[in-house]
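So the structure is just underneath, and the comments pick up after that.
The values are calculated or read from the model by the stated rules, or taken from the named source; none is laboratory data. Since this is a predicted model, take the numbers as computed values, not measurements. So basically every Cβ, Gly included, is an ideal-geometry build from the backbone, and we count neighbours across all protein chains shown. Quick note on the areas: whole protein, heavy atoms, side chains included, nothing else; ligands and nucleic acids left out. Shrake-Rupley method; radii C 1.70, N 1.55, O 1.52, S 1.80 Å.
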Amino acid sequence: MSEELWPILIITLEGDEVRRSDLVAQLHGFGLQYDFFFGVDGRAGLPHEYEIKTDRELARRKYRRVLGDPEFACAFSHQEIYNHILDRGLEGAVVLEDDAVLTEGFAEFVKRRLYASSDMIMLDHSHARVWGPTIDLSESITAKKLSLPSARATGYSVSKKAAAYLLAAGTPMSDIPDWPGDVTDIGAIACVPTIVKHQDPVTGPSHLRRDRHKPERDHLRFIKPAIWIRWFIKRFSRRVS
């Protein structure tokens, strides 16, 4: 296991001091250092330098809906994190969105450098399906191997190898923040139970929810091989979130 301390990077936006205040207070309470990583702001439209890196039509075909500017901006914010890891020659980083809620397990995860156990570890997740044996990261923190990519990018650790994969998979940008490519290809695992939580999606702050469209119905889905492969994987794995 690497002895190098990975930085904690908080994805946030200018002017969101209130939104991130609870997370900052928790990190101070745990005695953990962190850095703000100011992401791409898509609240007033996607900036031109990112628009030219975006394939909106491919995104619409993938997700059967129109992705909003804040969704693309959030995805690019995570991509900039991966760029940062590679440009700085870091071994990896622990990434938090600024509406993350931490548990005591998160402090242990960082202080004991448990992030070095895998190239990518989902500290929070939604709609996660897992299979295989339980992985003991420590005496109190366990994980399972993802059988399909999970949703939610509230908190995760990512090595330089995984950062390079995600950066390539997100070029051009045609994905929601969680995740470009198939993270099961890099052996992503998920903490079960999660050690990072997400602020209430109804009452908590969100830059994405207001701009999210409903997906179109796919009338041809049952003749597509990918649908049946996914069905098979779901049949033999277990949902944990």
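Considering only Cα-Cα distances, which of the following residue pairs are longer than 26 Å: 53/197; 111/234; 53/111; 144/197; 62/197; 160/234?
53/197; 111/234; 53/111; 62/197; 160/234
How far apart, in nm, are two points set 7 Å out from the Cα along the Cα-to-Cβ line at residue 171 and at residue 231?
Distance between the two pseudo-spin positions: 3.8 nm.
Once phi is turned into θ = phi - 60°, what whole-Hz ³J(HN,Hα) does the Karplus curve with 6.51, -1.76 and 1.60 give for every residue of segment 120-129, x standing for Gly and Pro?
These are the phi-based 3J(HN,Hα) values: 8, 10, 7, 7, 10, 6, 9, 6, 8, 10 Hz.
When ligands, DNA and RNA are left out and all protein chains stay put, how many square angstrom of accessible area per residue does the chain have with a 1.4 Å probe?
Numbers: 12160 Å² over 241 residues.
Computed with neighbouring chains in place, this is 50 Å² per residue.
How far apart, in nm, are the 7 Å Cα→Cβ label points at residue 49 and residue 64?
Between residue 49 and residue 64, the simple spin-label model gives 3.7 nm.
Can you tell me how the chain classifies by the Cα gyration tensor, rounded, prolate or oblate, using a/c under 1.5 as the rounded cut? Walk me through the numbers before you get to the answer.
Values: a/c = 1.57, a/b = 1.13, b/c = 1.38.
The shape class here is oblate.
Given a 10 angstrom Cα cut-off, can you work out which residue in 48, 198, 125 is the most mobile in a GNM of the chain?
Most flexible of the set in this elastic network: 48.
Springs between alpha-carbon atoms under 10 Å, Gaussian network over the chain: tell me which of 146, 58, 167 tops the mean-square fluctuations.
Between 146, 58, 167, it is 58 that shows the largest mean-square fluctuation.
When the helices in the chain are scored as -39500 (n - 2.57) per DSSP H run of 4 or longer and the sum is shared across all residues, what 222 nm value do you end up with, to the nearest 500 deg cm²/dmol? Spell out each step's value before the answer.
Values: 7 runs with 74 residues, N = 241.
Roughly -9000 deg cm²/dmol at 222 nm, from the helical runs in the chain.
I want to check the label-to-label distance for residue 134 and residue 36. Put each point 7 Å from Cα in the C-beta direction and report it in nm to one decimal.
4.1
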